[in-house]
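The values are calculated or read from the model by the stated rules, or taken from the named source; none is laboratory data. Remember, predicted model here, so these are calculated numbers, not experimental data. Here the Cβ positions follow ideal geometry from the backbone for every residue, glycine too, while neighbour counts run over all protein chains shown.
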Amino acid sequence: MEDKITKQELLIEQAVTYFKQGDHSLGYRILLDAALHTDDPNVFKETLEFVDVYENHEKDKSELYEKFLSCISIIKSVHVPDKNHIGQTILKGESIEKRYNRGKFTLGPITIELKRGDIYGLVGENGNGKTTLLTILASLIKKSSGIVSYSFLNPTTDLYDLKTKLVYIPQRTSKWYGSVIDNLKFALVHHGVTGEKNELLVHMMIARFGLWKYKELKWSELSSGYKMRFELARTMLRKPEIVLLDEPLANLDILAQQVILEDLKMLAKSHVNPIAMIFSSQQLYEVEKISDEVIYLRNGKPSDLLGLKTEEQNKLIIELDTENSREDIEKVLQEFNVEQIEFNGGVYIISFKDDSISFNTVLSTIALSNFTIQYIRDISKSTRRFFVY
Amino acid sequence: MKTIKKINKYLIEHYPLIWNTRLVWMLAFALVLHLGFFIAGFVSIKNHKDISVHYSLEQFYYDTPAVFVGTLISIISLLIWLIFYLQNNAFKNFYKLRSGSLFLQFCILFIIFFSNVTHYFSYTSGITTKIKSLYTWENIDADIKKFNNAALFLLENKSNYTIKNKEYPDPFPLEMESTSSERFLPRKIDTSKSYFRYEGKYYQFYKINHELIQQDIKQERLESIVTEVPEEMEEEAYEEGYYDITDFKYRIVYDVSNFKKLTRPNLRNFSKELYNYGQDSVDTQNRLKYYKTLLDKKDTDLLKNELESFLSLAKKYTLKNNLNTRDWLHLINVGNDYEFITDIKSREVVRDYKKEEFKQDYFRWKTTIDTVSLANKTHPKDKIFFSKFPRTSDGKFALVKRQKKEFFSEIPFLQLGNLDYFFKNVYTTFHPSFNYAALYFLISVSLVLAILIFLFKTTGIKNILLSAVAAGVILILLLLLIFISERYFKFATSKEIGLLISIITGATVILLSIVSLVRKWKKIITSILFSLALFTIPLTTTLTIFFYRNSLRHLERNSNSFLIWFEDYGFWFITSVAIISVFIYAKQIRNWKSWPQ
């Protein structure tokens with residue numbers, strides 16, 4: 001039993017592997033996560049020394065491998081036991097309904113169960129109730145009916161205490177005044193971390209979310225992407241058990257989106273403090289990539305209520321962007337039993353009748369024909385298919 | 001800057017509330033400001049003239065630009081502070097807060113406001129410190145006594161020298177009734193008792209028998225009045241006709257016919273205390289004794305010395321005057337047993353026509369001997385006239401004695417100026433009585449501001465604006481209700497109706513705020529209600545006590561132990577009520593904040 005490798009050790013191994021193979025940034029972030037898991041001020045001190053070197057090293061980061069390893073050895077020296085909180089239900093919502101405008105719009109009924117370590121993507125067109133559902137789960141607005149219950153590790157004492165545990169990040173985050181570092185320290189000190197540890201932990205979080213070079217800046221001097229990173233750093237300092245994010249990827253460039261999504265995934269799956277995370281977004285591909293489950297909302301109703309899943313789940317549906325005409329597509333795909341070709345002005349959504357047709361078969365047929373493709377994707381399992389009318 | 005950063009770092013990492021409220025810096029700023037105001041007060045006084053500028057020490061702050069500077073600095077500093085204070089809001093962001101944290105925040109706000117609006121105390125402390133460094137009370141007290149002694153000769157106002165002012169010897173002071181009409185004699189003077197006639201006028205001197213009046217009030221015919229007139233107004237009541245003080249039975253008559261000459265204005269009547277600061281009854285007795293001894297001696301040299309020593313005192317205090325002992329002694333009129341001749345002007349007579357007018361009053365009679373030749377005096381009447389006068393040795397001339405008016409070269413004046421202010425301010429400095437009115441006012445201002453900013457921080461600007469509108473609407477409704485009630489329901493006085501309706505309105509707001517918090521009404525409605533309630537609670541409590549006071553009879557009010565206690569500690573009681581209500585509501589505001597919209 002003693003030889004059994006812990007999740008922390010696995011994480012450290014991952015960090016070393018990534019750094020060694022040249023994925024420095026990923027290895028570095030995993031190293032910081034591992035260090036944060038120790039919750040040890042001495043480890044933080046040593047790690048921050050490495051952070052300072054890493055952040056100021058302009059040349060090839062591979063040169064820092066030795067220092068990286070020495071930092072790893074310090075992190076390793078602190079035993080972090082497995083907590084096994086992942087998979088525990090933290091939020092249960094049953095038949096949640098919200099009626100607006102005297103019943104002209106009704107959200108739900110929605111039944112939802114959030115578990116620690118799971119990421120839930122919430123998709124749907126604008127005005128279909130994504131933000132409403134998030135704010136109901138965050139207990140920010142009243143629901144018309146239904147039950148929402150929470151199971152936190154430490155029971156809440158009152159309603160305000162409950163709110164301190166529910167972290168909701170709106171699409172337009174609040175304005176913050178003063179420096180990044182002061183705001184983070186201010187957030188952390190309220191959660192019981194004072195003195196030197198406050199200073200160290202804030203710096204650790206600053207490093208973790210790539211804000212090292214901007215720590216002395218004011219919030220107003222940060223770009224949108226860094227404002228979101230700041231918001232995540234502020235959130236994570238509160239050690240939340242549930243995080244609800246409304247359009248966190250809006251206004252971010254593609255690179256920032258990828259980094260944020262990756263960070264969200266790493267944070268949610270943390271073995272020490274796994275978080276139930278639910279976020280809404282219009283970036284379907286990215287949402288589906290990191291989510292354990294995707295909830296699609298149309299007119300306030302979830303996809304399961306719309307009956308969309310069961311009806312279409314076995315048929316092939318592809319999304320295609322091409323300069324060729326509709327006739328060319330029909331010609332190339334004439335051997336398959338095409339049910340419907342729909343063009344929304346940008347891309348074609350093609351549905352096939354026959355369950356046996358696979359994406360690879362269609363792909364090879366297109367590859368052999370004289371056909372130009374800008375983009376093609378199998379959306380049979382994706383909620384993207386629901387955006388077709 | 002490094003130290004400031006270091007302190008800020010320490011505070012944010014250990015005491016976020018203190019860091020957020022900038023308590024340390026605001027207190028430090030207040031300390032510097034108080035020191036500044038202390039120094040300003042200190043240097044504003046250089047000599048006795050500076051101390052004489054204002055009637056009281058409070059006026060040195062409130063009647064000078066100091067109050068504007070203080071207010072301006074307070075407003076600017078508090079506005080700058082507010083910008084920083086409102087930047088970080090742990091409560092709004094649902095950071096973990098201890099249950100008493102909001103109330104603690106309110107207390108800090110109160111401390112910040114109070115420390116930044118109380119420059120008045122430092123300024124006056126600066127002034128009093130400087131006064132103490134310039135003077136000792138023993139010296140000033142001695143000078144006050146000198147001035148009071150010399151007041152006898154200042155001849156400021158004829159009315160001070162009438163017998164009504166006489167306070168010595170026993171049985172003076174006495175009430176006086178006089179008439180020159182035989183017809184009114186029985187109505188004004190109790191002829192069955194001692195009285196006298198002097199220079200065509202009848203006089204009677206007496207004391208009022210207050211004990212007898214009290215007995216009558218308590219026992220007999222005045223019983224009905226007693227129930228309506230409060231004790232402190234009884235004197236005023238019988239002056240206004242409830243009791244007939246001309247009723248001779250209330251007179252204790254004294255025979256003072258020995259003093260009948262003093263019915264004319266005379267220095268022997270003068271008893272007034274010029275400056276009473278720090279002077280007690282022993283001082284008064286000593287002074288009156290001094291007057292009597294000095295006047296009885298009729299020693300002009302001694303009087304001259306007294307006048308000269310006063311003139312040197314006047315020089316010390318730079319009192320404007322043109323007095324000379326010769327003219328002054330003449331006005332004191334030793335020869336005619338101090339009968340009042342005319343006054344010494346209280347300020348310099350500048351205008352020529354006035355000088356001419358007044359000059360006629362300031363003269364002495366001078367005897368001259370003219371040598372008149374008798375050679376041409378043949379008329380029998382002349383012969384008879386000149387026969388009265390002695391002749392020269394050759395018998396040709398008569399030595400005629402004449403009385404001529406010799407006018408004073410100047411109209412005498414003595415300008416005491418603001419010496420009264422000076423003595424009062426020095427006395428207050430050495431015998432300070434704390435300015436509770438200013439303290440109460442500043443505490444109230446700080447409390448209102450603290451509640452307002454506390455609500456702003458916890459509930460937001462929207463709530464504050466809507467609460468202000470709601471307060472305005474309630475006030476108008478209240479006035480309307482009072483107006484209608486006064487007009488159509490005449491069951492009580494307008495004061496009582498106003499109080500009652502205000503109490504009912506206040507109580508309704510408080511009750512609704514409680515119901516809204518318990519029943520979880522709409523968030524914005526609830527916040528408006530509890531915002532109004534925080535201001536209404538102390539007001540309604542005060543009005544309720546006033547209403548209770550009004551409901552009691554006058555005499556009961558004075559004997560009611562609660563009202564007596566309230567008179568002494570009412571402000572602290574109401575302040576405590578306000579603070580306790582903030583404490584209770586702060587807990588509810590914490591819950592309210594977490595309600596879903």
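Residue selection: B:Leu35 satisfies the criterion of being more than 13 Å from chain A (Cβ to nearest Cβ), farther than 30 Å from A:Asn183 by Cβ, aliphatic (A, V, I, L, M) and part of a helix (DSSP H, G or I).
Regarding B:Phe413, is this residue surrounded by 17 or more Cβ atoms within 10 Å (Cβ to Cβ), under 30 Å from B:Phe147 (Cβ atoms) and either aromatic (Phe, Trp, Tyr) or not assigned by TED's automatic domain parsing to the domain that holds B:Asp299 (or both)? Answer is yes for this residue.
For the range B:431-441, the condition of being surrounded by 18 or more Cβ atoms within 10 Å (Cβ to Cβ) and part of a helix (DSSP H, G or I) holds for none of the residues.
Looking only at residues in the range A:65-81 that are in a helix (DSSP H, G or I) and in contact (Cβ under 8 Å) with a residue 40 or more places away in the chain, the one that is nearest to A:Ala34 (Cα to Cα) is A:Ile75. Restricting the first member to the range B:19-47 and to residues that are buried (at least 19 other Cβ atoms within 10 Å of the Cβ), and the second to residues that are not acidic (Asp, Glu) and not in a helix (DSSP H, G or I), the beta-carbon pairs closer than 6 Å and six or more apart or on different chains are B:Asn20/B:Asn88.
Every residue, every condition in (1) closer than 23 Å to B:Phe270 by Cα; (2) in contact (Cβ under 8 Å) with a residue 40 or more places away in the chain; (3) over 38 Å from the mean Cα position of the chain (by Cα), yes or no:
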| site | (1), (2), (3) |
| --- | --- |
| B:Lys315 | no, no, no |
| B:Leu319 | yes, yes, no |
| B:Arg326 | yes, no, yes |
| B:Leu331 | yes, yes, no |
| B:Asn336 | yes, no, yes |
| B:Ile344 | yes, yes, no |
| B:Tyr353 | no, no, no |
| B:Thr367 | no, no, yes |
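Inspect all residues belonging to the range B:95-117 and state whether any of them is at pLDDT below 90, of a type in the set (D, E, K, R) and in contact with a Ser or Thr (Cβ under 9 Å, 6 or more places away or on another chain). The answer is yes; a qualifying residue exists. The number of residues in the range A:83-116 being surrounded by 14 or more Cβ atoms within 10 Å (Cβ to Cβ) and under 30 Å from A:Tyr18 (Cβ atoms) comes to 8.
The condition of being within 14 Å of A:Ile242 (Cα to Cα) and of a type in the set (Asp, Glu) holds for only one of A:Glu113, A:Glu97, that being A:Glu113.
Pairing each residue of the range B:73-98 that is within 14 Å of chain A (Cβ to nearest Cβ) with any residue that is aromatic (Phe, Trp, Tyr) and surrounded by 15 or more Cβ atoms within 10 Å (Cβ to Cβ), provided the two are 6+ apart or on different chains, yields C-beta distances under 6 Å for B:Gln87/A:Tyr177; B:Asn88/A:Phe186. B:Thr318 meets the conditions (1) surrounded by fewer than 16 Cβ atoms within 10 Å (Cβ to Cβ); (2) part of a helix (DSSP H, G or I) in every case but one. The failed one is (2). Can you find a residue in the range A:65-72 that is within 25 Å of the chain's Cα centre (by Cα) and modelled with pLDDT under 90? No, the range A:65-72 contains no residue that is within 25 Å of the chain's Cα centre (by Cα) and modelled with pLDDT under 90.
Taking the range A:84-115 only, how many residues are in contact with a strand residue (DSSP E or B) (Cβ under 7 Å, 6 or more places away or on another chain) and part of a loop (DSSP other than H, G, I, E, B)? Number of matching residues: 2.
Confirm whether A:Phe230 is more than 10 Å from every other protein chain (Cβ to nearest Cβ) and either closer than 22 Å to B:Asn20 by Cβ or among the basic types (Lys, Arg) (or both). The answer is yes for A:Phe230. Output the number of residues of the range A:201-225 satisfying the condition of being within 11 Å of chain B (Cβ to nearest Cβ) and in contact with a Ser or Thr (Cβ under 9 Å, 6 or more places away or on another chain). Qualifying residue count for the region: 2. The set of residues from the range B:94-114 being more than 15 Å from B:Ile75 (Cα to Cα) and of a type in the set (Val, Ile, Thr) comprises B:Ile108, B:Ile111.
Restricting the range A:297-308 to residues that are at pLDDT 75 or above and more than 17 Å from A:Asp118 (Cβ to Cβ), the residue that is surrounded by the most Cβ atoms within 10 Å (Cβ to Cβ) is A:Leu297. Taken together, B:Lys49, B:Lys2 contain a single residue that is basic (Lys, Arg) and closer than 30 Å to A:Asn183 by Cα, which is B:Lys2.
Restricting to the range B:376-399, count the residues that are in a loop (DSSP other than H, G, I, E, B) and touching a strand residue (DSSP E or B) at 6+ places or on another chain (Cβ under 9 Å).
Residues of the range B:376-399 that are in a loop (DSSP other than H, G, I, E, B), as a first pass: B:376-379, B:387-390, B:392-396.
Then drop every residue that is not touching a strand residue (DSSP E or B) at 6+ places or on another chain (Cβ under 9 Å), which leaves B:377, B:387-390, B:392, B:396.
Of the residues in that region, 7 qualify.
Annotation: A:Met266 fulfils all but one of (1) more than 23 Å from A:Leu201 (Cβ to Cβ); (2) of a type in the set (A, V, I, L, M, F, W, C); (3) surrounded by fewer than 19 Cβ atoms within 10 Å (Cβ to Cβ); the unmet one is (1).
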